[in-house]
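Worksheet: the structure to be examined is printed underneath.
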Amino acid sequence: MTPTPPSPLPSPADLASTDLAEVERIADALGQVVLGDFDLTVQTTSKHPIVQKLALMVNFTLASVRQTMEQNERVESALKSQMFLMQLIDLQTDLIFTLDTEGRTVLINKAACDFLGVYPEQVMGQRPSDIDHPQKRLAQAVVETARRIASTGKPMLNLEQRVPDRDGKVHWFKSNFVPVMDDQYRVTQVLFVMSDVTELREAAHEMGVMVNDLQQALKFKDQFMAVMSHELRTPLNAILGFTGIALMTGDASSQMQRMLERIDFNARRLVSLINDVLDLSRINAGRIDILWERVTIRELAQAWHDSFLPRATAKGVQLVLDIAPDLPETLETDPDRLTQIANNLLTNATKFTEKGSVTLSLRRLDEARWALTVRDTGIGISEAYQTAIFEEFRQVEAGMQSKYGGAGLGLSIVQKLCVLMGGQIAVQSKLGEGSTFTASLPLSRPALIAPKEA
Ligand code: ADP
């Protein structure tokens, strides 16, 4: 059987004028493409196979041009973000680099190059240990580490290492070495991020030395205070003893009597100041123990009232004791420290009140707490000073000391004692109208303040 010969392609000479017009339209369309319109598709109404094939080929070519252009764009944007990332990595002060599983450099930032003493071009694609540079030993260790991590797949995190730089100066690095895996969980690279923490460590060390010095100084201050207060209190007690005897015998002239009274008054002020300073330094050094015991609170409050009554009466100020009926008969507290709190508050209230009254009231606050309140109708404290008065050596105005005496320690001691006893102190006051100080305290030893081991 003889094969049928292929039907001959129609020749361009067969093109009708309508087909020719279509060819011309396709040519015009191609002109648009040259001007940049790559989204174009060519369609033809011609039935002529050559014209149809031409349209098909043009569309096919345009489609592949578009595909190539998209790929190019993707590559370009990937390159751009890679360059951006590289710039970002270069800006870091940490040493950042990645090595492949054979220890060859894939990426390295400026800080790492500077530390090693190499140029990026010199080390890229090379094992840092194979090329000549000042940090060869470090490079060897790094390559070995990369190989180890590549074979085990285990990261090494938060390592603290001493690493000498190329001038021999020791740096401390905190480092993370992490395997980088592909989608089959195979390690392809190892990422090294090393942060220079030398300054931080030095600062921490200096801080430690300073804290040590400070603790030492505080210890000396405490010892000094203890010795000084003893040294001062002994002669002061002698002075108080002698003035007391001299005042009792009544032999002195009235002028001498006044002088003795002034000596007595000032010596007492000095003793109380020394006691305050000593107390504060003991509290600050954490050397004060709260000795909890069950006390009959009404008896204690009555004693405070009785001891302040003469002082208040002498000034023409009424002293009121007001105990709420719901206050328990007994409660757990440190009677000496509580007395210190009450004494300080009552001393201030009588000192800063010229007329009216001072009221000491005790009441229950809730299931677990009670309140000791000292209210006066004295000079009051402006709002601006109501926080500052609890700071050491703080008084409302300079010059108060000469008028009222005191060193600005009492309230600071009161506040610290309240906190040590698991409570707190608050003040409410209005200038010219009076002040109310409220110490809220636990009815029994708080669970958190555990008894000391015997
Ligand atoms: P001081 O020994 O100077 O009284 P405090 O710490 O006890 O020290 O008090 C600090 C300052 O707070 C006092 O100097 C005074 O200015 C003010 N202050 C304290 N209590 C009262 C009060 N009841 N009325 C007015 N001012 C007060």
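The values are calculated or read from the model by the stated rules, or taken from the named source; none is laboratory data. Quantities reported herein were computed from a predicted structural model and do not represent experimental measurements. Quick reminder, even Gly has a Cβ in these numbers, built from the backbone with ideal geometry, and neighbours come from all protein chains shown. Surface accessibility is based on the protein's heavy atoms, side chains included, excluding ligands, DNA and RNA. Shrake-Rupley method; radii C 1.70, N 1.55, O 1.52, S 1.80 Å.
Students often check this: by mean Cβ neighbours within 10 Å, which of 273-285, 64-76, 223-235, 311-323 ranks highest, and how do the rest follow?
Output ranking for 273-285, 64-76, 223-235, 311-323: 273-285, 311-323, 223-235, 64-76.
So what is the relative contact order of the chain, in percent, for Cα pairs below 8 Å that sit 6 or more residues apart?
8 percent
Hey, what do the phi angles of segment 262-275 turn into as Karplus ³J(HN,Hα) couplings, whole Hz, using 6.51/-1.76/1.60 and θ = phi - 60°, x for Gly and Pro?
5, 4, 4, 4, 5, 5, 5, 4, 5, 4, 5, 5, 4, 4
Please list 3J(HN,Hα) in residue order for segment 116-128, calculated via the Karplus relation 6.51 cos²θ - 1.76 cosθ + 1.60 where θ = phi - 60°; whole Hz, with x for glycine and proline.
Per-residue couplings from phi come out as 6, x, 10, 9, x, 4, 6, 9, 4, x, 10, 6, x Hz.
Can you bin every Cα-Cα distance in segment 261-417 into 5 Å intervals starting at zero and give me the percent of pairs per bin, rounded to whole numbers?
2, 8, 16, 20, 20, 19, 11, 4, 1, 0
Accessible area of THR93, 1.4 Å probe, to the nearest 10 Å²?
Surface accessible to solvent at THR93 totals approximately 120 Å².
Taking one equal scatterer on every alpha-carbon of segment 44-93, how large is log10 of I(q)/I(0) by Debye at q = 0.27, 0.28, 0.32 1/Å?
-0.91, -0.93, -1.02
Over all directions, the average projected area of the alpha-carbon convex hull for the chain comes to how many nm²?
Over every viewing direction, the Cα hull of the chain projects on average to 53.0 nm².
Quick one: P(r) of segment 28-173 from all Cα-Cα pairs, 10 Å bins, percents rounded to integers, in order of increasing distance.
Pair shares across the bins are 10, 26, 20, 9, 11, 12, 9, 3, 0.
Residue by residue through segment 322-338, which ³J(HN,Hα) values in whole Hz follow from phi under the Karplus form 6.51 cos²θ - 1.76 cosθ + 1.60 (θ = phi - 60°), with glycine and proline marked x?
10, 10, 5, x, 7, 6, x, 4, 10, 8, 8, 7, 9, x, 5, 5, 5
Using the Cα centre of segment 266-317 as the reference point, and only Cβ charges (+1 on K/R, -1 on D/E), how large is the resulting charge dipole? Debye, rounded to the nearest 20.
Computed about the Cα centre, the dipole is about 200 debye.
So which trypsin sites (Lys or Arg not before Pro) in segment 367-396 are both in a DSSP loop and have at most 16 other Cβ atoms within 10 Å of their Cβ?
Sites meeting the loop and neighbour criteria: ARG394.
What is the Cα coordinate range of segment 258-331 on the first, second and third principal axes, sorted by size from largest, in whole angstrom?
Cα extents, longest axis first: 48, 41, 14 Å.
When ranked by the protection proxy of mean other Cβ atoms within 10 Å per residue, highest first, what sequence do the peptides 157-168, 175-186 form?
175-186, 157-168
How much accessible area per residue does segment 15-148 have, in Å², with a 1.4 Å probe?
Result: 64 Å² per residue.
Pairs LYS136/LYS174; LYS174/LYS219; LYS351/LYS416; LYS355/LYS416; LYS80/LYS154; LYS355/LYS430: which are spaced more than 26 Å apart, C-alpha to C-alpha?
LYS174/LYS219; LYS355/LYS416; LYS80/LYS154
Calculate, for segment 205-335, the solvent-accessible area per residue in square angstrom, rolling a 1.4 angstrom probe over the heavy atoms of the protein chains.
With the other protein chains kept in place, segment 205-335 gives 65 Å² per residue.
For the chain, give the percent of accessible area contributed by carbon and sulfur heavy atoms, probe 1.4 Å, rounded to a whole number.
Answer for the chain is 57 percent, counting heavy atoms of protein chains only.
Quick one: which residues, 5+ away or cross-chain, put their amide H under 5 Å from the amide H of LEU319? H built at 1.01 Å from N.
The list, which skips near neighbours in sequence, is VAL358.
Suppose only helical runs count, i.e. DSSP H with n ≥ 4. What mean residue ellipticity at 222 nm does that imply for the chain under -39500 (n - 2.57) per run, divided by all residues and rounded to the nearest 500 deg cm²/dmol? Kindly include the intermediate steps, with their values, before the conclusion.
Values: 11 runs with 224 residues, N = 454.
Calculated from helices alone, the mean residue ellipticity at 222 nm is -17000 deg cm²/dmol.
Would you mind checking which residues have amide H under 5 Å from LEU331's amide H? H placed 1.01 Å from N; only 5 or more apart, or other chain.
VAL295, ILE297
In whole angstrom, and with the biggest value first, how far do the Cα coordinates of segment 150-261 range along each principal axis?
Principal-axis extents of the Cα atoms in segment 150-261, largest first: 108, 36, 20 Å.
With a 10 Å radius around each residue's Cβ, average the other Cβ atoms per peptide and rank 128-134, 359-365, highest first. List each step's numbers first, then the result.
On the way: 128-134: 15.3, 359-365: 17.4.
Taking the mean over residues of other Cβ atoms within 10 Å, the ranking is 359-365, 128-134.
What are the principal axis extents of the Cα atoms in segment 92-186, in Å, biggest first?
Principal-axis extents of the Cα atoms in segment 92-186, largest first: 42, 29, 23 Å.
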